[in-house]
Each structure stands twice: as structure tokens, then as C-alpha cells.
Amino acid sequence: MADNRFCRDASDRLSFEMFRVPASNYAAVCAAVAAAFPLSPDVRSFDAVEDAVSMDFRCGQQVVELAWDNWSGFIVTAKTADSESLVREIADWLLRSTWGEQSKAEPVAAPSPHHNIGWGLAQLLIAIAQAMASRRSEPDGAPDRGDNDVVA
């Protein structure tokens with residue numbers, strides 16, 4: 001299996017997978033992606049089980065799922081056909097990021113069958129809130145349209 005690859009899931013949705021991103025980086029990767037694009041998390045979509053975690057993020061009408069599981073690593077999935085271009089942009093950004101560089105060099109340890117990533121919600125929301133606050137505090141000359149708020 002390639003460490004970084006595009007594929008289609010059983011529902012024919014475009015996905016990008018980064019196998020070498022560990023579960024412990026899920027919250028940090030989500031926060032960085034959310035800040036870079038700017039994406040708003042849909043906390044109602046958050047789901048975590050023993051070996052997988054996921055949440056949907058929105059940028060206007062485009063919706064992507066950011067997920068991690070022990071089979072594929074970090075995954076970006078287009079939730080609609082219109083979101084495929086966003087998946088490709090995020091993939092390009094990820095490959096140039098710290099995680100993309102690390103994925104080229106570091107071997108992956110097999111995930112522990114006892115590794116529980118359900119802790120991710122609080123950590124993820126804190127990281128996203130900090131990233132969004134940081135982005136809003138930077139003077140860029142553009143008014144805050146209010147469309148980057150967390151979906152309730």
C-alpha cells in the first residue's frame with residue numbers, strides 16, 4: 001500500500017490517505033487543515049471508536065470528512081462531488097506540511113490493539129478553537145464574515 005494515495009471509497013467518494021500519520025497527530029492535523037483552508041467543524045458529526053475517529057468540516061458548500069483509522073491513517077474524504085477539488089487542495093497542502101515530510105522518512109509502528117482514540121474530541125475542539133482564534137486575530141484586511149464559526 002502506498003503511504004500517501006488518492007482512492008475512491010465504496011460510495012465512490014474521493015479520498016486522500018496518509019498512512020504514516022499516527023493517531024496521536026489527528027487533532028493537530030485537523031486543526032492545521034481547518035486553519036489553512038478555513039474549515040468549520042461540524043461537531044455533531046464527530047465519531048470515535050477504539051481504532052477510528054472522524055468529523056466533518058465545511059468550507060461554504062463544500063464538506064469534507066477528516067478521519068483517522070488504523071487501516072488507512074489520516075484520511076480526507078469528499079462528502080459531495082463538489083468537494084473533490086477541496087480534497088485535492090488539502091492533499092497538496094498536507095504533502096508539503098510537516099506530516100507529509102515525516103511520512104516520507106519515518107517507519108510506522110503497528111497500531112496497538114488497545115489504543116483508544118476516543119479522547120480526540122476535546123483535544124480536537126481545543127486545537128481547532130485555538131487555530132481559528134489565531135487566524136481571526138491576524139490582520140488581513142478582510143472583515144470576519146462570521147461563516148467560520150463552529151456549527152452547533
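So Ser85 passes all but one of these: (1) surrounded by 18 or more Cβ atoms within 10 Å (Cβ to Cβ); (2) modelled with pLDDT of 95 or more; (3) of a type in the set (Ser, Thr, Tyr). Which condition number does it fail?
Answer for Ser85: the failing condition is (1).
If you go through the stretch 40-54 one residue at a time, how many are touching a Leu at 6+ places or on another chain (Cβ under 6 Å) and within 18 Å of Val87 (Cα to Cα)?
0
Please work out if Asp12 is among the acidic types (Asp, Glu), over 13 Å from the mean Cα position of the chain (by Cα) and modelled with pLDDT of 90 or more.
Against the criterion (among the acidic types (Asp, Glu), over 13 Å from the mean Cα position of the chain (by Cα) and modelled with pLDDT of 90 or more), Asp12 qualifies.
Hey, which of the strands (runs of 3 or more DSSP E) in the stretch 1-109, taking only ones fully inside, have at least 2 residues that are on the phi < 0 side of the Ramachandran plot, among the aromatic types (Phe, Trp, Tyr) and touching a residue at least 24 places away in the same chain (Cβ under 8 Å)?
Passing ranges: none, list empty.
When residues of the stretch 1-47 are filtered for being of a type in the set (Gly, Ala, Ser), surrounded by fewer than 17 Cβ atoms within 10 Å (Cβ to Cβ) and closer than 19 Å to Ser97 by Cα, how many remain?
Residues in the stretch 1-47 being of a type in the set (Gly, Ala, Ser), surrounded by fewer than 17 Cβ atoms within 10 Å (Cβ to Cβ) and closer than 19 Å to Ser97 by Cα: 4 in total.
Taking the stretch 48-82 on its own, how many of its residues are farther than 18 Å from Ala10 by Cα, surrounded by fewer than 15 Cβ atoms within 10 Å (Cβ to Cβ) and of a type in the set (Asp, Glu)?
1
The values are calculated or read from the model by the stated rules, or taken from the named source; none is laboratory data. Everything numeric here is computed off the predicted structure, so don't read it as measured data. Reconstructed Cβ throughout: ideal geometry from the backbone, glycine too, with neighbour counts over all protein chains shown.
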